[in-house]
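Notes follow the structure.
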Amino acid sequence: MRRALLAAVATVVLGPVLAFVIGYLLFSVPSPDDAVNNQVALINYDDGTSLTKLVPEAGNRIKVPIDAVPVPVREAVLSAEDRSFYSNPGFDISGILRAAWNQLRGGVGGGSTITQQYVKNTLVGDQQTLWRKYKEIILSVKISQERTKDQILGDYLNAIYFGRGAYGIQAASQAYFGKNVQELTTTEGAVLAGVIQSPSRWDPAVSPERAVQRWTFVLDGMVSQGWLTPQGRKAAQFPATVPRRSTAGGVPSDANGHIVSAVTAELEELGITEQDLAQQGLRITTSIDPARQKAAVDAAHDTLTGQPVNLRSAVVSIDPQTGSVLAYYGGDNGLGLDYARVERLPGSTFKPFVVLAALQQDPPIGLGETFSGEPVPGLRNDDGANCARCDLKQAMTISNNVVFNSLAQKVGPENVAAAARSAGITTPLDNPTSGIALGNKETTPLDLASAYATIAAGGVWHQPHLVTSVTTADGRVLYQAPTDGEQRFPERVARNVTEAMLDVAPADDLALPGNRPVAAKTGTVQSRFPGQNNDAWMAGFTPSIATAVWMGTDMNSPIRTASGTPIEGKSLPGDVWQQVMKAAVADQPVQDFAPFRAIGEAPSELAANEQPPPPRAAAATPVAPPPPAAGPPDPAAAGAPAPGAPGPGVPAGGAAATPAPGAPPATPAPPTPRPECTLVNPCG
C-alpha cells in the first residue's frame with residue numbers, strides 16, 4: 001500500500017517534469033521567417049499536386065528591428081494583446097488552467113500572452129486541445145529563455161498578420177497609412193494594435209464602428225498602464241486610413257490566378273476569412289483536374305493563335321454528378337478580368353431552357369409538336385435555318401429563331417426564366433420577354449456550364465464549386481464539399497431536353513469521336529452592325545462532363561477571324577469546345593444517356609425540311625378468274641360463238657357486251673403484274 005502511494009506521488013510529481021523535459025528537447029523554435037512561411041496557405045489540384053502557395057509578396061512583409069518601432073506603438077500593441085508582457089514568464093498559468101478547464105467541459109480556452117500568440121499563430125496552429133496547450137507552454141518557456149523580451153516582441157511584430165495582405169508592422173504601416181513604421185503616431189499605432197486579433201472585422205474600411213470601439217479599448221488601456229496621459233487620451237482623434245487596395249497576395253499572374261481568386265472568394269462564402277487564409281497554414285484541395293485544366297488552356301491558346309489580339313475567351317468544365325469544376329479558364333491575365341464570370345448575352349444557348357419549360361406545361365408540349373419556322377416581320381433566322389414547319393428537335397438542330405420565339409410566347413417568358421433558374425442560371429432574369437428564348441438576358445460561362453450540367457445529371461442540381469476540402473496545418477478538417485444534389489426537375493424531362501440537343505454537334509461538324517452521344521447548343525449574338533456578331537458560344541455535355549465556351553472582346557465590339565469572317569458559335573468557340581471535350585473523353589468508355597421516353601408527341605426522325613420518301617406502290621396480286629357457273633354446256637366450247645360474243649375475226653374486247661338491264665357494269669380483269677427486276681430475278 002505504501003509503495004503504491006509513493007508510486008502515485010512520484011507519478012504526479014515527476015510525470016509533468018518528465019513531460020516538460022521531453023518536450024523541451026523535442027520542440028525547436030523556428031525563426032520569424034519560418035514562422036511566416038508556416039502561416040501561408042497551400043492550394044492543390046484534385047490529385048494533391050501543388051497549384052500554388054499563397055506566400056506574401058516581397059513588399060507585404062519587410063522586417064524591421066524593434067528599435068525602428070516607436071515606443072508608443074509598441075505600448076499600444078501591449079495594451080491590446082498582453083499588458084503584463086515584460087513581467088510574465090511567457091505564459092499565463094491562470095489563463096492556461098482556465099482554458100484547460102473549459103476544454104474538459106466541452107468549451108474553448110483563452111488567455112494567451114504575446115509569446116503564446118507567436119507560438120500559436122505561427123508554429124503549431126490554432127486547434128483548441130490540451131496537446132496544443134502543452135506545446136505552447138514548452139515553446140513559450142524555451143523562447144523566453146533563448147531570447148530577450150525585446151527580441152520576442154520584435155519577432156512577433158515582424159511575423160503577425162495585420163490584414164490587407166500585410167505581414168509585419170512595416171507592411172501594415174504602409175497598407176493602412178501609407179508611411180513607414182518610424183513615422184507612426186500613437187493614435188495610428190492604436191489602430192494597428194486594434195486589428196491584430198481580427199483584421200477581417202476591425203479594419204476601418206470594413207467596419208468603422210468596430211474599429212473605433214477597438215481603438216478606444218487600446219487607448220484606454222494605455223492610460224490605465226500609465227503609457228498615455230489622460231490629457232493625451234482626451235485629445236486623441238481617430239486617424240484617417242488610406243483606401244484598401246487589392247493585392248496579388250501570392251495569386252499567380254497567369255491563367256491559374258483566376259482559379260486562386262475564385263477559390264478565395266468561395267472560401268469567404270464558406271466563412272473562412274482572409275485572416276484564416278493568411279495565418280492558419282490552410283491546405284486547400286480544389287476540384288481542378290490538372291489534365292483537363294491544361295486541355296482547356298491549350299484549346300483556347302491553340303484556337304486563338306494567329307487570330308486578332310482583341311479576342312477573349314473563357315472555358316468552364318463541370319462534373320454533372322458532383323458540381324465539381326474540372327477546368328476553369330478565365331483568360332491569361334490572372335490578375336485581370338475573369339471572363340469565366342463576366343456576364344454576356346448567351347444567344348441561342350438559352351433555347352434548351354425554352355424546351356425545359358415547355359415539357360413541364362400542363363399538358364406538356366412534346367418535342368414532336370410542330371411550328372411554323374418561316375421568317376416573320378421583325379424576326380428572321382440565320383442562313384439555312386428556315387423551315388416551313390418543323391418540330392422542336394428539328395428546330396433546335398438548325399437553331400430556328402421563329403419556332404423558339406413562338407414557343408416562348410406559348411409557355412410564357414416567366415416560365416422560361418424559371419426553368420433557366422431551376423437549371424442553375426443565377427444571373428438576373430427579371431421582366432423577361434419572348435426574347436429570352438434567343439438569349440436576351442445575360443449569363444456567365446460558369447452559370448451556363450452549371451445549368452447544362454444539371455440537365456446532364458437528370459435534373460439534379462449540384463452547387464458548382466472549386467473547393468472540395470480545407471484542412472489546417474495541424475490536420476483539422478474545416479470543410480468538406482457536400483456530395484448530394486437537389487432534384488430541380490424530373491429525370492424524364494431532363495432526358496427529353498437532352499434528346500432535343502443530340503443532333504446539334506454532328507450538324508455543325510463538331511461531333512465527338514466514335515459517334516459518342518453528346519448534347520450541345522451553339523449561340524451567336526448579333527452586333528448592332530449589320531452582318532457582324534459580338535459574342536459567340538458553344539456549350540454541351542456528355543453524361544460525365546459539361547463544358548461551356550465563350551468568345552468576345554473587352555469592348556463588346558464585333559468579333560472576326562484573322563480573315564475577317566464574323567465569328568459564330570460553331571466556328572472558333574466550337575473548335576475550342578470540341579478540343580476540350582475530345583481530350584476529356586479520350587480515355588473514357590463511351591457513355592450513353594438514359595433511354596429516351598418521349599413526353600407528349602415524339603420528335604420526327606427526319607431532319608428539318610427533309611421530305612419523307614414517297615410510299616412504294618405495293619405489287620398487285622393476280623386474281624384467279626371465278627369458276628364457270630353450273631348450267632348448259634358453253635357453246636364456245638364446241639366451236640360455236642356464244643350468244644353476244646364477237647364473231648370470227650373480231651378481237652376480244654373489241655365490242656362491249658351489253659349488260660342486262662339493272663345489272664352492274666362489268667369490271668375488266670386486272671392485268672397480269674410484271675415481275676420486279678432484281679439481281680436475283682433479272683429482267684431480260
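Being in contact (Cβ under 8 Å) with a residue 60 or more places away in the chain and surrounded by fewer than 22 Cβ atoms within 10 Å (Cβ to Cβ): is that true of R283 here?
Yes; evaluated as a whole, the condition is true for this residue.
Considering only segment 428-450, state which residues are part of a loop (DSSP other than H, G, I, E, B) and small (G, A, S).
G439
Would you say N440 is more than 30 Å from Q275 (Cα to Cα) and surrounded by 21 or more Cβ atoms within 10 Å (Cβ to Cβ)?
In short, no.
Out of all the residues in segment 167-200, which are in contact with a Pro (Cβ under 8 Å, 6 or more places away or on another chain) and not in a helix (DSSP H, G or I)?
Y167, L184, T185
Quick one: which of L192, L139, L123 is crowded, with 24+ Cβ neighbours inside 10 Å, modelled with pLDDT under 80 and of a type outside the set (S, T, Y)?
L139
Can you tell which of V416, V355 is closer than 25 Å to S527 by Cβ, buried (at least 23 other Cβ atoms within 10 Å of the Cβ) and not charged (D, E, K, R)?
Just a single option satisfies the conditions, and that option is V416.
Being assigned to a loop (DSSP other than H, G, I, E, B) and in contact (Cβ under 8 Å) with a residue 24 or more places away in the chain is the filter; apply it to segment 476-501 and report the residue that is farthest from F404 (Cα to Cα).
Going through the qualifying residues, I end up with R476.
Would you say S399 is on the phi > 0 side of the Ramachandran plot, polar (S, T, N, Q), at pLDDT 95 or above and crowded, with 23+ Cβ neighbours inside 10 Å?
The answer is yes for S399.
Which members of segment 557-585 meet the condition of being part of a loop (DSSP other than H, G, I, E, B), surrounded by fewer than 17 Cβ atoms within 10 Å (Cβ to Cβ) and touching a residue at least 40 places away in the same chain (Cβ under 8 Å)?
Answer for segment 557-585, where residues must be part of a loop (DSSP other than H, G, I, E, B), surrounded by fewer than 17 Cβ atoms within 10 Å (Cβ to Cβ) and touching a residue at least 40 places away in the same chain (Cβ under 8 Å): S557, T561, A562.
With the condition kept exactly as written, say whether any residue in segment 3-13 is part of a helix (DSSP H, G or I), out of contact with any Cys (no Cβ under 7 Å at 6 or more places or on another chain), modelled with pLDDT under 95 and of a type in the set (K, R).
Yes, segment 3-13 contains a residue that is part of a helix (DSSP H, G or I), out of contact with any Cys (no Cβ under 7 Å at 6 or more places or on another chain), modelled with pLDDT under 95 and of a type in the set (K, R).
Scan segment 142-158 residue by residue and report those that are surrounded by fewer than 24 Cβ atoms within 10 Å (Cβ to Cβ) and among the aliphatic types (A, V, I, L, M).
I143, I152, L153
The values are calculated or read from the model by the stated rules, or taken from the named source; none is laboratory data. Predicted model only: the values in this text are computed from it and were never measured. Because the Cβ atoms are built from the backbone with ideal geometry, glycine has one as well, and the counts that use them run over all protein chains shown.
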